[in-house]
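Accompanying notes for the structure given below.
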Amino acid sequence: MDYNGKLRPFYVLRLLYEQTDESHPLSTGEIVDLLDVKYGIKTQRTRIPQDVDALEHFGFEIGRQKSQSTSYYFDSRLFELPELKLLIDAVESSSFITEKKSAELIQKLTSLASPFKASTLAKLSEDGGNPKQGNEQIYYIIDTINAAIESGCKISYQYYTYDMYKSRMLRHNGEKYVFSPYDLAWDGKFYYVIGYSEKYHSISNIRIDRIAHTPEIMPEPGRPIPEDFDLNEYKRTMFRMYNGTRMNVELVCDASVMDAIIDHFGEEVDIGLVDENTFSVSAETAVSHVFYSWLFGFGGKDRLTEPREAVEQYADMFLEAAKSLHEQL
């Protein structure tokens with residue numbers, strides 16, 4: 001049986017998919033030569049237009065460029081270059097996706113472009129994104145939570161936090177929390193599961209990358225979503241982001257804010273131990289009024305010490321706020 005003859009249109013499709021775009025078509029002669037060199041398939045030039053017609057009849061879009069001879073290119077790609085760049089940026093900026101998984105996802109996304117545009121994507125993505133967390137089980141955790149949501153069951157999980165030495169420790173000595181998951185939400189950086197907490201008897205959200213191990217799906221049904229609860233409104237209002245001029249800052253912080261420091265700066269942030277309850281932080285960050293508000297939110301448990309310019313801006317911002325409030329009294 002002549003398998004090569006039957007499979008030839010598929011090999012033509014592979015050549016067009018892997019080696020062409022609108023700026024880099026292959027001529028009929030080039031396709032004939034590549035079929036012979038790469039796959040050991042010998043054919044006549046007249047067969048190529050027939051194969052292309054068959055592929056188009058099946059549903060693939062094959063572009064044509066005509067000069068002295070006809071050249072062909074694959075024109076059925078699912079994503080345009082800006083769309084792929086947007087998806088790659090989303091992967092890079094998502095702190096809950098580890099470095100290893102980010103690299104795997106980005107490789108898969110770039111493979112959806114032509115090789116010429118894939119190289120452009122690689123150059124555009126060289127700068128990287130936000131600090132990454134190190135929870136390599138994240139995919140299994142998400143998959144298990146999705147399964148629990150679909151089945152309407154509760155999950156049981158453990159949660160970790162960071163100590164003064166940036167070491168992970170299970171919260172409350174490894175206590176297992178029971179949770180009825182409703183939905184997953186991404187704020188551009190971290191991934192959360194929203195649902196009902198049995199411990200706190202209320203609706204709350206959990207950072208998925210802080211779940212220590214793959215959760216257990218429990219046999220009993222989860223608590224239904226309350227009729228007066230608007231899940232979309234909850235997701236819309238639960239997160240915030242910040243940006244500004246980048247500076248190297250120095251902070252002196254209470255041990256209780258280590259989790260928040262790592263959330264903002266990543267696990268590789270430089271710290272120094274001041275005493276058994278205090279540590280220092282040295283990092284580059286975006287400095288703006290939103291960053292200062294973030295600092296202020298710790299209620300005095302952190303202190304900005306450098307650079308002087310930032311310290312003065314921080315003081316001026318709150319002096320102006322205090323002045324404005326005083327004038328209203």
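The values are calculated or read from the model by the stated rules, or taken from the named source; none is laboratory data. Note that the structure is a prediction, hence the values are computed from the model and not measured. Glycine also receives a Cβ, built like all others from the backbone with ideal geometry; neighbour counts cover every protein chain displayed. Each accessible area value is taken on the protein alone, full model and side chains, heavy atoms only, with ligands, DNA and RNA left out. Shrake-Rupley method; radii C 1.70, N 1.55, O 1.52, S 1.80 Å.
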Pairs with Cβ under 7 Å, 6+ apart, first in the range 248-270 and in a loop (DSSP other than H, G, I, E, B), second among the β-branched types (V, I, T): V269/I261; V269/I262; V269/V281
Per-region count, the range 207-234, residues touching an Asp or Glu at 6+ places or on another chain (Cβ under 9 Å), open to solvent by less than 40 Å² (accessible area, probe 1.4 Å) and of a type outside the set (A, V, I, L, M): 2
Which numbered condition S156 fails, given (1) closer than 30 Å to M218 by Cα; (2) modelled with pLDDT of 85 or more; (3) open to solvent by 40 Å² or more (accessible area, probe 1.4 Å); (4) not basic (K, R): (3)
Among residues of the range 136-151, those that are at pLDDT below 90 and open to solvent by less than 10 Å² (accessible area, probe 1.4 Å), counted: 1
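To keep it simple, each residue is scored yes or no on (1) open to solvent by less than 80 Å² (accessible area, probe 1.4 Å); (2) touching a helix residue (DSSP H, G or I) at 6+ places or on another chain (Cβ under 9 Å); (3) of a type in the set (G, A, S).
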{"site": "S23", "(1), (2), (3)": "no, yes, yes"}
{"site": "V32", "(1), (2), (3)": "yes, yes, no"}
{"site": "D51", "(1), (2), (3)": "yes, yes, no"}
{"site": "H57", "(1), (2), (3)": "no, no, no"}
{"site": "S69", "(1), (2), (3)": "yes, yes, yes"}
{"site": "L86", "(1), (2), (3)": "no, no, no"}
{"site": "S93", "(1), (2), (3)": "yes, no, yes"}
{"site": "F96", "(1), (2), (3)": "yes, yes, no"}
Single condition S288 does not satisfy, out of (1) open to solvent by 30 Å² or more (accessible area, probe 1.4 Å); (2) more than 18 Å from C253 (Cβ to Cβ): (1)
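Would you pick out the residues in the range 295-317 that are open to solvent by less than 60 Å² (accessible area, probe 1.4 Å), outside any strand (DSSP E or B) and either in contact with a Lys or Arg (Cβ under 9 Å, 6 or more places away or on another chain) or farther than 14 Å from M258 by Cα (or both)?
The first filter runs over the range 295-317 and keeps only residues open to solvent by less than 60 Å² (accessible area, probe 1.4 Å), leaving 295, 298, 302, 304-305, 307, 310-311, 314-315, 317.
From the residues that got through so far, the ones that are outside any strand (DSSP E or B) too are 295, 298, 307, 310-311, 314-315, 317.
Of everything in the range 295-317, those that are open to solvent by less than 60 Å² (accessible area, probe 1.4 Å), outside any strand (DSSP E or B) and either in contact with a Lys or Arg (Cβ under 9 Å, 6 or more places away or on another chain) or farther than 14 Å from M258 by Cα (or both) turn out to be L295, P307, A310, V311, Y314, A315, M317.
If you go through the range 114-123 one residue at a time, do you hit one that is closer than 29 Å to I262 by Cα, under 15 Å from the mean Cα position of the chain (by Cα) and either of a type in the set (F, W, Y) or part of a helix (DSSP H, G or I) (or both)?
Checking the range 114-123: not a single residue is closer than 29 Å to I262 by Cα, under 15 Å from the mean Cα position of the chain (by Cα) and either of a type in the set (F, W, Y) or part of a helix (DSSP H, G or I) (or both).
Taking into account only those residues within the range 71-84 that are open to solvent by less than 40 Å² (accessible area, probe 1.4 Å) and hydrophobic (A, V, I, L, M, F, W, C), which is modelled with the lowest pLDDT? Spell out how you get there, then give the answer.
If we filter the range 71-84 for residues that are open to solvent by less than 40 Å² (accessible area, probe 1.4 Å), which is where we start, we get 71-74, 76, 84.
Narrowing further to those that are hydrophobic (A, V, I, L, M, F, W, C): 74, 84.
Working: F74: 94, L84: 88.
Result: L84.
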